[in-house]
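Have a look at the structure below before the remarks.
The values are calculated or read from the model by the stated rules, or taken from the named source; none is laboratory data. For clarity, every value in this text was computed on a predicted model and none was experimentally measured. Neighbour counts are summed over all protein chains in view; Cβ atoms, including those assigned to glycine, are modelled from backbone coordinates with ideal geometry.
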Amino acid sequence: MPESAVVKLKALTPIHIGSGHELSRLDYFLDSGRFSVVDTESLFRDPDFSAVRDAFLQSAAGGEPIAKLVPVPLLKKHTSYRIGVSPSARTEMERSPTQVKTFTKSAGRVYIPGSSVKGAILSALCWKVLHEGWFQEDENRRKTARINIEQLMLQDNGSDSLLATVLPRLGGRATDELGRFTHWLDVSDSDLKAPEEVLGMSLVDVKNVSGGTGSGRPGRNLKLLCETVQAGKEFSFSLKLDPDSKLTVDDALKSVADFYSRVAAKDGAPGDATPKLPETGLIRLGQGSGAYATSLLVFAGDAELHTGRDGYRVKPPRSRKRAGQGNIAMGWAQMTLAQP
């Protein structure tokens, strides 16, 4: 039987996993300082809306907030959900109502996608495989591993080459069949939560979007309004290893924590108000830069490999995302095994 476990995930800092959908100023309003999302279909069916419907349709294209076009008491009757707003996000919304990036949901309820967790775990295990190969105690094996890794890092199709190198080491079905993606781990979507239970509105500062190291241009910042899972909120999901996997659940979670501890060390910045992160169960969601970029970047630092313009093609992510006036690093969470 495949090894499986129920995992509890607790947000340590605000987490945003985007749905790909944005809310315009016609979709929401502030009510007593809370972000309130309008159920437009319900609103349009209400006979009381008919008195302002024509004026609303004529004025909507002008970009006015919905609360200036429709009476607020009527909007309150047709609110899908209401969530808290951080002070910095509220200031931004009152200054210039703008688009809001929503958190992924199913039937209106919030969840952590299993694909996001699996991708974060895979990125960590890519680092583990490269690290173990480079630092092997056996000199002949180490020499062979270093040659293979150097060739990998010089590949143009880096992400495909990385997976081809890593997945056979993790085990699972189809590892012996060239061109087949290894089935090594199943991660379920998490349990569902009401938006009011777990979400808040955060002002996200995306730092150093362009320019920065090696570009010759200073970076610039963008400010985004995002629905985020708030620190302290918890979800649960199931994790199941393939019967042919070479891992155990405990090994996988330890490797994930080791990797993200290194990511945390590289991502820190003076003045950050990010809380002290735990040594066990650490993972980062929603803000990763992909298995290739992050895993090779951290590994290259461990192995003291040159990653400059004339060296290996390892491009460090230049941007950082911080939430609110506290400059809090986003996306951090802790995983723990649920008690049987």
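How many residues does region 60-71 hold that are in a helix (DSSP H, G or I) and surrounded by 14 or more Cβ atoms within 10 Å (Cβ to Cβ)?
3
Does region 197-208 contain at least one residue that is farther than 22 Å from Asp242 by Cα, in contact with a Ser or Thr (Cβ under 8 Å, 6 or more places away or on another chain) and at pLDDT below 70?
Within region 197-208, one or more residues are farther than 22 Å from Asp242 by Cα, in contact with a Ser or Thr (Cβ under 8 Å, 6 or more places away or on another chain) and at pLDDT below 70.
Kindly provide the set of residues from region 101-146 that are outside any helix (DSSP H, G or I), more than 30 Å from Leu222 (Cα to Cα) and either of a type in the set (S, T, N, Q) or touching a Gly at 6+ places or on another chain (Cβ under 7 Å) (or both), ordered by number.
Hit for region 101-146 is Gln136, nothing else.
Could you please tell me which pairs satisfy a Cβ distance under 6 Å, a separation of 6+ or placement on different chains, a first residue in region 53-73 that is within 12 Å of Asp27 (Cα to Cα), and a second residue that is in a loop (DSSP other than H, G, I, E, B)?
Pairs that qualify, where the first residue is within 12 Å of Asp27 (Cα to Cα) and the partner is in a loop (DSSP other than H, G, I, E, B), are Ala60/Leu26; Pro65/Arg25; Pro65/Pro97; Ile66/Leu26.
Inside region 69-100, can you point out the residues that are under 18 Å from Phe44 (Cβ atoms) and among the basic types (Lys, Arg)?
Matches in region 69-100: Lys76, Lys77.
List the residue pairs whose Cβ atoms are under 8 Å apart, where the first residue sits in region 151-177 and is closer than 19 Å to Leu297 by Cβ, the second is modelled with pLDDT of 65 or more and of a type in the set (Gly, Ala, Ser), and the two are 6 or more positions apart or on different chains.
Close Cβ pairs (under 8 Å, with a partner that is modelled with pLDDT of 65 or more and of a type in the set (Gly, Ala, Ser)) amount to Leu152/Ser161; Met153/Ala300; Gln155/Ser161; Leu162/Ser295.
Looking at Ala107, Ala89, Ala124 in this structure, which one is surrounded by fewer than 13 Cβ atoms within 10 Å (Cβ to Cβ), under 28 Å from Ala231 (Cα atoms) and either within 24 Å of the chain's Cα centre (by Cα) or not small (Gly, Ala, Ser) (or both)?
One residue alone meets the criteria, Ala107.
If we keep just the residues of region 23-59 that are of a type in the set (Phe, Trp, Tyr) and assigned to a helix (DSSP H, G or I), which is farthest from the chain's Cα centre (by Cα)?
Here the answer is Phe49.
Does Thr98 satisfy the criteria of being hydroxyl-bearing (Ser, Thr, Tyr), in contact with a strand residue (DSSP E or B) (Cβ under 9 Å, 6 or more places away or on another chain) and assigned to a loop (DSSP other than H, G, I, E, B)?
Yes; evaluated as a whole, the condition is true for this residue.
What number of residues within region 155-190 satisfy the criterion of being in contact with a Lys or Arg (Cβ under 9 Å, 6 or more places away or on another chain), at pLDDT 85 or above and not in a strand (DSSP E or B)?
1
Being touching a strand residue (DSSP E or B) at 6+ places or on another chain (Cβ under 9 Å), surrounded by 13 or more Cβ atoms within 10 Å (Cβ to Cβ) and either outside any loop (DSSP other than H, G, I, E, B) or not β-branched (Val, Ile, Thr) (or both) is the requirement here; does Ser19 meet it?
Yes, satisfied.
Output the residue which, of all residues in region 240-265 that are farther than 24 Å from Ala174 by Cβ and of a type outside the set (A, V, I, L, M, F, W, C), is modelled with the lowest pLDDT.
Ranking the qualifying residues of region 240-265, first place goes to Arg262.
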